[in-house]
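A.B. asks: Have a look at this one before I ask anything.
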Amino acid sequence: MTRKRVQGTLYLPATESALELAAGIIARGGLVAFPTETVYGLGAGATDEQAVARIFQAKGRPPDNPLIVHIASLEQLSLVAREIPREAYRLAELFWPGPLSLVLYRSQQIPPGVSAGLPTVAVRMPNHPVALGLIKKAGVPIAAPSANRSGRPSPTSAFHVLEDLAGRIEAVLDGGRSLIGVESTVLDLTASQPTLLRPGGVTRERLEAALGRQVVLPRWDGTSPPPSPGMKYRHYAPRAPLIVVVGSEARRHRLARSLLSWYERQGLKVGYLNPLRNFRGSLDKREKAFARSLYAALRAMDKGGADLIVAEGFPACGWGAVIMNRLCKAASRVIRVV
């Protein structure tokens with residue numbers, strides 16, 4: 001096994017012996033970053049309250065922003081959650097392993113800190129052999145948010161993890177580039193109606209088809225406590241200010257290009273994100289390709305010294321809704337053209 005340390009963090013290619021080593025770190029209360037099909041996660045044993053607290057410290061994550069618990073088998077679901085509705089098993093049958101997190105009532109085995117004191121917990125089964133192997137070898141569910149400094153673009157490679165967390169965590173397992181590139185869908189099944197707290201790799205349309213009923217969006221006025229704590233924080237943001245232009249395709253493209261030219265004439269180095277023109281295939285394929293590359297592109301623009309980033313948006317349905325959620329949360333400013 002080839003291994004090396006980067007500022008005190010152990011970098012491990014994802015071999016069988018590396019998984020054994022990483023599982024031992026988890027068992028001792030350490031933190032291990034690992035690949036999933038969505039983004040890289042920063043994991044600790046979900047039943048270890050002190051280790052879970054270290055996740056928040058390493059990321060600089062607000063303590064009222066809950067974590068997602070990752071399991072490797074359906075049998076582990078009852079260790080994490082209680083009063084599990086029939087719909088949860090239906091969705092698990094269809095979409096697990098995969099990019100769907102279900103919010104259920106938290107079991108007593110999971111400490112309150114995982115869920116920021118809430119009576120609920122988000123749980124999913126990742127669709128990645130390294131993630132599943134680590135959970136199985138650790139012998140416990142693993143609590144894991146994205147493995148980045150809080151508010152930064154999520155990591156889709158082990159090197160992104162090291163950029164943010166080298167020296168703050170014990171180890172990172174390198175399983176290659178994330179295939180989906182954006183976080184899981186988060187669906188609350190404890191509300192009167194299934195509620196989409198975060199769009200992700202399983203679209204709202206697919207969930208409604210599976211459930212045979214409407215999936216609603218949460219309502220929040222910005223002043224009362226939000227239905228999902230993470231809604232009140234800025235996420236996924238590059239260091240450079242990000243301007244997102246939304247509206248009809250022709251008008252948004254014209255305005256985005258005008259902004260790009262104007263800022264360049266002011267002597268600024270401007271990054272440009274065009275969600276459709278740089279990819280080939282059907283609209284769905286192009287949107288998925290853009291989602292997969294989004295965080296890496298934002299990180300690359302920061303690394304290249306961009307002073308400003310201009311991005312074009314597109315209609316918020318299907319995968320478009322997933323990407324627009326990330327862009328708008330990362331944006332310094334959103335301009336709407338009609």
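The values are calculated or read from the model by the stated rules, or taken from the named source; none is laboratory data. Keep in mind that what you see is a predicted model, and the values were worked out from it rather than measured. Glycine gets a Cβ as well: all are built from the backbone with ideal geometry, and neighbour counts include every protein chain shown.
A.B. asks: Pick out the one residue from Gly98, Gly45, Gly41, Gly24 that is under 22 Å from the mean Cα position of the chain (by Cα) and more than 20 Å from Leu187 (Cα to Cα).
C.D. replies: Exactly one residue qualifies, and that residue is Gly45.
A.B. asks: Does region 58-78 hold any residues that are without any contact (Cβ under 8 Å) to a residue 40 or more places away in the chain and more than 15 Å from Ala122 (Cα to Cα), and which are they?
C.D. replies: Glu75
A.B. asks: Against the definition (at pLDDT 90 or above and either assigned to a loop (DSSP other than H, G, I, E, B) or among the charged types (D, E, K, R) (or both)), how does Arg254 come out, yes or no?
C.D. replies: yes
A.B. asks: Additional query: Among the listed residues Pro129, Pro145, identify the single one that is free of Cβ contacts under 8 Å to residues at least 60 places away in the same chain and in the same structural domain as Leu10 (by TED's automatic domain parsing).
C.D. replies: On inspection, the qualifying residue turns out to be Pro129.
A.B. asks: In this structure, does Phe159 turn out to be touching a Pro at 6+ places or on another chain (Cβ under 9 Å) and either among the hydrophobic types (A, V, I, L, M, F, W, C) or assigned to a helix (DSSP H, G or I) (or both)?
C.D. replies: no
A.B. asks: Can you work out which of the residues in region 12-50 that are among the charged types (D, E, K, R) and in a loop (DSSP other than H, G, I, E, B) is surrounded by the most Cβ atoms within 10 Å (Cβ to Cβ)?
C.D. replies: Among residues in region 12-50 that are among the charged types (D, E, K, R) and in a loop (DSSP other than H, G, I, E, B), the one surrounded by the most Cβ atoms within 10 Å (Cβ to Cβ) is Asp48.
A.B. asks: Touching a Phe, Trp or Tyr at 6+ places or on another chain (Cβ under 8 Å), assigned to a loop (DSSP other than H, G, I, E, B) and within 23 Å of Thr185 (Cα to Cα): does that describe Gly151?
C.D. replies: In short, yes.
A.B. asks: A further question on this structure: Limited to region 79-108, what total is found for residues that are part of a strand (DSSP E or B) and without any contact (Cβ under 8 Å) to a residue 24 or more places away in the chain?
C.D. replies: 0
A.B. asks: Oh, and also: Would you say Gly175 is modelled with pLDDT of 95 or more, in the same structural domain as Ala33 (by TED's automatic domain parsing) and in contact with a His (Cβ under 8 Å, 6 or more places away or on another chain)?
C.D. replies: So Gly175 passes the test.
A.B. asks: Moving to a separate point now. Of the numbered conditions (1) surrounded by fewer than 24 Cβ atoms within 10 Å (Cβ to Cβ); (2) touching a Gly at 6+ places or on another chain (Cβ under 9 Å), Ile169 fails exactly one; give the number of that condition.
C.D. replies: Among (1) surrounded by fewer than 24 Cβ atoms within 10 Å (Cβ to Cβ); (2) touching a Gly at 6+ places or on another chain (Cβ under 9 Å), Ile169 violates only (1).
A.B. asks: Output the residue which, of all residues in region 52-77 that are modelled with pLDDT of 95 or more and among the polar types (S, T, N, Q), is nearest to the chain's Cα centre (by Cα).
C.D. replies: Gln57
A.B. asks: Which members of region 298-321 meet the condition of being within 19 Å of the chain's Cα centre (by Cα) and crowded, with 18+ Cβ neighbours inside 10 Å?
C.D. replies: Leu298, Arg299, Trp319, Gly320, Ala321, listed by residue number.
A.B. asks: Let me ask something else. When only residues in region 184-218 that are surrounded by fewer than 14 Cβ atoms within 10 Å (Cβ to Cβ) and over 18 Å from Leu118 (Cβ atoms) count, which is modelled with the lowest pLDDT?
C.D. replies: Leu217
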